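The values are calculated or read from the model by the stated rules, or taken from the named source; none is laboratory data. It should be emphasised that the depicted structure is a prediction, and the values quoted were computed from it without experimental measurement. We place every Cβ from the backbone using ideal geometry, glycine too, and count neighbours over all the protein chains shown.
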Amino acid sequence: MASTLPAADNPDMKSGNVRRAPWHAFLPLWLMCAPAFLLFVALVLVPLLMTLVLTFYRFDPASGPIAAFQFGNYAEVLSSSYYHTIFLRTFGIAFLVTLLCIVIGTPEAYVLSRMRDPYRSMFLLVILAPLLVSVVVRAFGWSMLLNTNGLVNQAFGLVGLGPYKLEYTTFAIVIALVHVMLPFMVIPVWTALQKLDPQTENAALSLMASPATTLRRIVLPQLTPGILSGSLMVFGLSASAFAIPGLLGGRRLKVAATAVYDEFLGSLNWPLGATIALLLLVANLIVMLTYYRVLERKYTRSLG
Amino acid sequence: MSFLTLSDVTKSFGDLQAVADVNLSVEKGEFVSLLGPSGCGKTTTLQMIAGFVETTHGRITLDGHDITHMKPNKRGLGIVFQSYALFPHMSVADNVGFGLEMRNIDKAERKGRIREALSLVRLDALAHRFPRELSGGQRQRVALARAIVIAPPVLLLDEPMSNLDAKLREDMQFELRGIQRKIGTTTIMVTHDQSEALSISDRVVVMEAGRITQIDTPYEAYERPENRFVSQFIGKANMLPGTVVARDGDAIRIDLGHDLAETGHTAQLPARERVVGVGDAVTLCIRPEKLRLCAPNAGRVPATVTSRFFLGSQWLYRLDSRLGEVLVCCQNEGTEPLPEGATVGVDWNSEAIRFIQRDAHHG
């Protein structure tokens, strides 16, 4: 795997004392990384640092942000039940979306991998199609479907039900997010399926495992690394999603990202907005790293 | 009735007959190899026995029971796959124990049987490793242990050695045979490697284009090939065209060409060839190791060495003679071999000549 590194070849994979090549051997590699690294510093690290600095500022409604070093903003976000609700809602939605994506995306990828070619490319395109349409357009699409006079309620009306309030609900946010995030789950699971030796399923069958047991004990565990990376992407993107909660959640059903937007552009309270943004980032990191650690450790040895 | 029988087993994919009318009876404890070039239907035949491929026509019975349409997970056969198909997320011990677990065998007994199977393939020390931490040969042994731990009625091996390097393959062949003898499991192995099939099986089934061409012991298949295909697929062979000059019962005398110093050669006719008569064009075969090189004007046919190949224990000469190109195999006696371009005589015993087939008449 690390064959491009100039590190001395170690005969035993498990031995920890790998002899490293001298530092100057790595110089070409550093130089090759430099453009991307500079771009990363300029566009990610510097703005992030500026946001961090901003969180310590004081806000005065009359004169705007005032340079300071104090933790008032953190105290406000962390102690207010208003923000607790927003964060809980954000992560609740992200968790639900991830769960639904696993439940829908894994079988979808499995079925897809079993299809023969004309259909397989067709359905792969159908799954990837949402990525080709702007999130805003998709959000409006869902909005048209779900509003009080929308197609869904019209259909309910035909059988004498409703109309129900579907738009501006958590339900609307979740369903639209699942639609958007599904490709991010299907693709890594699909990749894991490509690596799976189809004969392992036959091997399990030959050992008298039922098809259901084979799926549960043999196929699913081999897909776990794919599901894991898919979940991380879906969770991270859902927790920080802005357009869909903004358009389908309305003004009252706020999530962290829309709350940040409102602080920055509505109340013009930049320090508070920056604090929420930073806390969202930290919370997201904690959740994802914990999840990664717990599951990944179990599978690195066997599945790499 | 035999332990495992295939009667008129056929598999068609659309218009293509992958396997056609295969009839095979395997006795209990026997080691049978399905041998043939790729695409001859041997793997499809194995897959039908395993149940992964549905038969189009015909019957498969195991121990008196019809298993033709039984689901693969009900047959309980032990299978070693070409890719080994180990479960990558399970340790060696869990891989081997999976089949026992599916049979609801309790944990204590499972443990003992896993240990037993692993010690049979000499992998006791690696029970806690994962498949990706093993070498190719070790993975192969795990696959074998996983298949035999369930004490299957029949063990199916699908090209089990094809992913091993030559030296390891040879070792594994002997080991596989040893293990099979020890546990006495009826075994069917698919292979395209004729030397592997010859060295370890009780009987070989030679297949060509979806059909069985010969079922025999390795020795008989080598010594008495039934047609041109078998004679050339198993070992090396010199094919000689000739004309029948006399027939006496099952013995025929054949003229190998008009300008030869000595013309007559006798060969035994196999029982199936009753129609051969005087004047018929026939094909004969002689193995390279049954030809002898002698002094230039001795022997039956003079020849010139065109090239030679050193095989370690033997020298293989390619000669140009009036019989066409002839291969001769000589023991390496430790003396200087013949140089390329040397003139020699070629001799053989009449009994070494084999009748292969009667050719169509020309005109």
For the range B:38-69, which residues satisfy the criterion of being in contact with a helix residue (DSSP H, G or I) (Cβ under 7 Å, 6 or more places away or on another chain), part of a loop (DSSP other than H, G, I, E, B) and either under 15 Å from B:P153 (Cα atoms) or among the small types (G, A, S) (or both)? B:G51, B:I67
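Does A:L166 count as within 14 Å of chain B (Cβ to nearest Cβ), surrounded by 18 or more Cβ atoms within 10 Å (Cβ to Cβ) and out of contact with any Cys (no Cβ under 8 Å at 6 or more places or on another chain)?
It is false that A:L166 is within 14 Å of chain B (Cβ to nearest Cβ), surrounded by 18 or more Cβ atoms within 10 Å (Cβ to Cβ) and out of contact with any Cys (no Cβ under 8 Å at 6 or more places or on another chain).
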Over the range B:155-174, the set of residues in contact (Cβ under 8 Å) with a residue 40 or more places away in the chain and either surrounded by 18 or more Cβ atoms within 10 Å (Cβ to Cβ) or of a type in the set (V, I, T) (or both) is B:L155, B:L156, B:L157, B:D158, B:E159, B:P160
Restrict the check to the range A:222-239 and report whether at least one residue is closer than 21 Å to B:F52 by Cβ, out of contact with any Asp or Glu (no Cβ under 8 Å at 6 or more places or on another chain) and assigned to a helix (DSSP H, G or I). yes
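Can you tell me how many residues in the range A:257-299 are in contact with a strand residue (DSSP E or B) (Cβ under 6 Å, 6 or more places away or on another chain) and either outside any helix (DSSP H, G or I) or within 14 Å of chain B (Cβ to nearest Cβ) (or both)?
So in the range A:257-299, the residues in contact with a strand residue (DSSP E or B) (Cβ under 6 Å, 6 or more places away or on another chain) come out as A:269-271.
This time we only want the ones that are either outside any helix (DSSP H, G or I) or within 14 Å of chain B (Cβ to nearest Cβ) (or both), so: A:269.
Here the count works out to 1.
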Counting only residues that are more than 18 Å from A:R251 (Cα to Cα), aliphatic (A, V, I, L, M) and in a helix (DSSP H, G or I), how many does the range A:136-174 have? 6
Just a yes or no: is a residue in the range B:346-353 of a type in the set (V, I, T), closer than 16 Å to B:G242 by Cβ and not in a strand (DSSP E or B)? yes
Within the range B:102-116, how many residues are within 14 Å of another protein chain (Cβ to nearest Cβ) and more than 36 Å from the chain's Cα centre (by Cα)? 2
Just to be sure, is A:M233 surrounded by fewer than 22 Cβ atoms within 10 Å (Cβ to Cβ), away from every other protein chain (no Cβ under 14 Å) and modelled with pLDDT of 90 or more? yes
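Any idea which residue in the range B:278-306 is surrounded by the most Cβ atoms within 10 Å (Cβ to Cβ), counting only those that are without any contact (Cβ under 8 Å) to a residue 40 or more places away in the chain and within 15 Å of B:T343 (Cβ to Cβ)?
Among those that are without any contact (Cβ under 8 Å) to a residue 40 or more places away in the chain and within 15 Å of B:T343 (Cβ to Cβ), it is B:V305.
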Among A:S302, A:S240, which is the only one that is out of contact with any strand residue (DSSP E or B) (no Cβ under 9 Å at 6 or more places or on another chain) and within 14 Å of another protein chain (Cβ to nearest Cβ)? A:S302
Just one listed residue, out of B:P131, B:P152, is out of contact with any helix residue (DSSP H, G or I) (no Cβ under 8 Å at 6 or more places or on another chain), at pLDDT 90 or above and buried (at least 18 other Cβ atoms within 10 Å of the Cβ), and it is B:P152
Top-ranked residue of the range A:187-203 - restricted to ones that are at the interface with chain B (Cβ under 7 Å from one of its Cβ atoms) and assigned to a helix (DSSP H, G or I), ranked as surrounded by the most Cβ atoms within 10 Å (Cβ to Cβ): A:A203
Might you let me know whether the range B:341-362 holds any residue that is in contact with a Phe, Trp or Tyr (Cβ under 9 Å, 6 or more places away or on another chain) and either surrounded by fewer than 15 Cβ atoms within 10 Å (Cβ to Cβ) or not assigned by TED's automatic domain parsing to the domain that holds B:D250 (or both)? no
Can you name every residue in the range B:79-98 that is touching a residue at least 40 places away in the same chain (Cβ under 8 Å), more than 7 Å from chain A (Cβ to nearest Cβ) and either farther than 17 Å from A:K195 by Cβ or assigned to a strand (DSSP E or B) (or both)? B:V80, B:Q82, B:V92, B:N95, B:V96, B:G97
Just wondering, is there one or more residues in the range B:70-78 that are at the interface with chain A (Cβ under 9 Å from one of its Cβ atoms), without any contact (Cβ under 8 Å) to a residue 24 or more places away in the chain, buried (at least 17 other Cβ atoms within 10 Å of the Cβ) and not in a strand (DSSP E or B)? yes
Residue pairs meeting the criteria (Cβ under 8 Å; at least 6 apart or on separate chains; first under 17 Å from A:G141 (Cα atoms), in the range A:233-246; second surrounded by fewer than 24 Cβ atoms within 10 Å (Cβ to Cβ) and among the basic types (K, R)): A:I244/A:R138; A:P245/A:K254
Checked the range A:208-230 for anything within 14 Å of chain B (Cβ to nearest Cβ), without any contact (Cβ under 8 Å) to a residue 60 or more places away in the chain and of a type in the set (S, T, Y); matches are A:S210, A:T213, A:T214
